[in-house]
Amino acid sequence: MNFTKTTEQSSKYEHLEKMSVSDLLFNINQEDKTVPIAVEKALPQITNLVQQIVAKMKLGGRLFYIGAGTSGRLGIVDASECPPTFGVPFDMVNGIIAGGDKAIRRAVENAEDNTAQAWIDLQENKITENDVVIGIAASGTTPYVIAGLEKCNEHTIITGCITCNENSPLALTAKFPIVVVVGPEFVTGSSRMKAGTAQKLVLNMISTATMIQLGKVKGNKMVDMQLSNDKLVDRGVKMIMDEILVTYEVASKLLMKHGSVRNAVNNFKK
């Protein structure tokens, strides 16, 4: 089967260094506009994977993202936002990056080429058949990620991926691949741009849709969010005011007493 890395093909723009700032920004924006359209084409694939995640999480399973470089960092960002947004345990959605936590800020030499480390990293988290592992790699060729999914397949753990190249080794390895074809980047090969944006959009969809399906949103509100700063406390108070039609002062007292919007509303109605 033919495999061409469209993410590595030459940009359709030439002589970038001769462009004005306004021209650079305009052209980058023109390319960025194509990303949601590419994501839309992958919606059936995203749907299939989310349904698998929801089913496993209802059995007590967890979600793992594994990746290297930008892709690994994006997984960590999405995982880290789930507890404060949806009030879930910190180990329910996990981000693992090749090279370990130090690779979040600085590239670790040859980490993405290590074909043994991903499975070691997953085993350290006591991975089980109830869990789901999603490999993230724009290129679809990252050895760390592919080898990790291969091991998961051997152990009958559900695997998915987010990549931007059709027929890539990663897409062919994952049982539930998501392939968002964004084409060549504005700066040739800089897959932190359109490919990174596509990955972020898909990650948002996966985690948000999963948490809604698990009952972590009521109406359109984050009723289980953590009250970790004044802005979120204020938002929670206003949610309660809208839901049960009480004053700001009453809503604030209910929130402080019960610890979450959901509990405050439920206990008030009782």
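The values are calculated or read from the model by the stated rules, or taken from the named source; none is laboratory data. Because the structure is a prediction, the values reported are computed rather than measured. Glycine gets a Cβ as well: all are built from the backbone with ideal geometry, and neighbour counts include every protein chain shown. All accessible areas refer to the heavy atoms of the entire protein, side chains included, with ligands and DNA or RNA removed. Shrake-Rupley method; radii C 1.70, N 1.55, O 1.52, S 1.80 Å.
Would you mind telling me the antiparallel percentage of the DSSP bridges in the chain, rounded to 5?
5
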Which one of Thr173, Pro44, Gly196 is farthest out on the positive end of the charge dipole of the chain, using unit charges on Cβ (Lys, Arg +1; Asp, Glu -1) and the Cα centre as origin? Pro44
Inter-probe distance in nm under a simple model that places probes 7 Å from Cα toward Cβ, at Val187 and Lys41: 2.5
Tell me which residues come under 5 Å, amide H to amide H, from Cys161 once H is placed; ignore anything under 5 positions away on its chain. Gly135, Phe176, Ile178
Cα atoms only: what Rg and Dmax, in Å, come out for the chain? 20.8, 67
Charges only on Cβ, +1 for Lys and Arg, -1 for Asp and Glu: so what's the dipole of region 207-270 about the Cα centre, in debye to the nearest 20? 180
Solvent exposure, largest accessible area first (probe 1.4 Å, DNA, RNA and ligands not counted), of Arg62, Arg192, Arg73: Arg192, Arg73, Arg62
Thr128 to Gln9: extension gain in nm, 0.36 nm per residue of separation minus the Cα-Cα distance? 39.0 nm
Could you put Met256, Met222 in order of accessible surface area, largest first, with the 1.4 Å probe and the full protein assembly present? Met256, Met222
For region 127-270, give the share of DSSP beta bridges that are antiparallel, in percent and rounded to the nearest 5; count only bridges with both residues there. 10
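Projected area of region 79-206, taken from the Cα convex hull and averaged over every viewing direction, in nm²?
8.1
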Mind giving me the FRET efficiency for Lys33 and Ile212? R0 is 30 Å, r the Cβ-Cβ distance, nearest 0.05 is fine. 0.65
FRET efficiency, Ala107 to Glu249 (Cβ-Cβ, R0 51 Å, nearest 0.05): 0.50
Leaving out ligands, DNA and RNA, and with a 1.4 Å probe, what % of the accessible surface on the chain is carbon or sulfur? 52
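Do the alpha carbons of any pairs in Lys33/Lys175; Lys33/Lys218; Lys5/Lys41; Lys41/Lys200; Lys216/Lys253; Lys151/Lys175 sit beyond 20 Å of each other, and which pairs?
Lys33/Lys175; Lys33/Lys218; Lys216/Lys253
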Mind checking the dipole of region 61-130: about its Cα centre, +1 per Lys or Arg Cβ, -1 per Asp or Glu Cβ, Debye to the nearest 20? 180
Under the rule rounded for a/c under 1.5, else prolate if a/b exceeds b/c, else oblate, using alpha carbon gyration tensor axes a ≥ b ≥ c, region 22-112 is classed as oblate
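So, with +1 on the Cβ of K and R and -1 on the Cβ of D and E, and no other charges, what is the size of the charge dipole of the chain about its Cα centre, to the nearest 20 debye?
Its charge dipole is roughly 1040 debye.
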Considering only protein heavy atoms, what per residue accessible area in square angstrom results for the chain with a 1.4 angstrom probe? 51
Note down the accessible area of Leu59, probe 1.4 Å, to the nearest 10 Å². 120
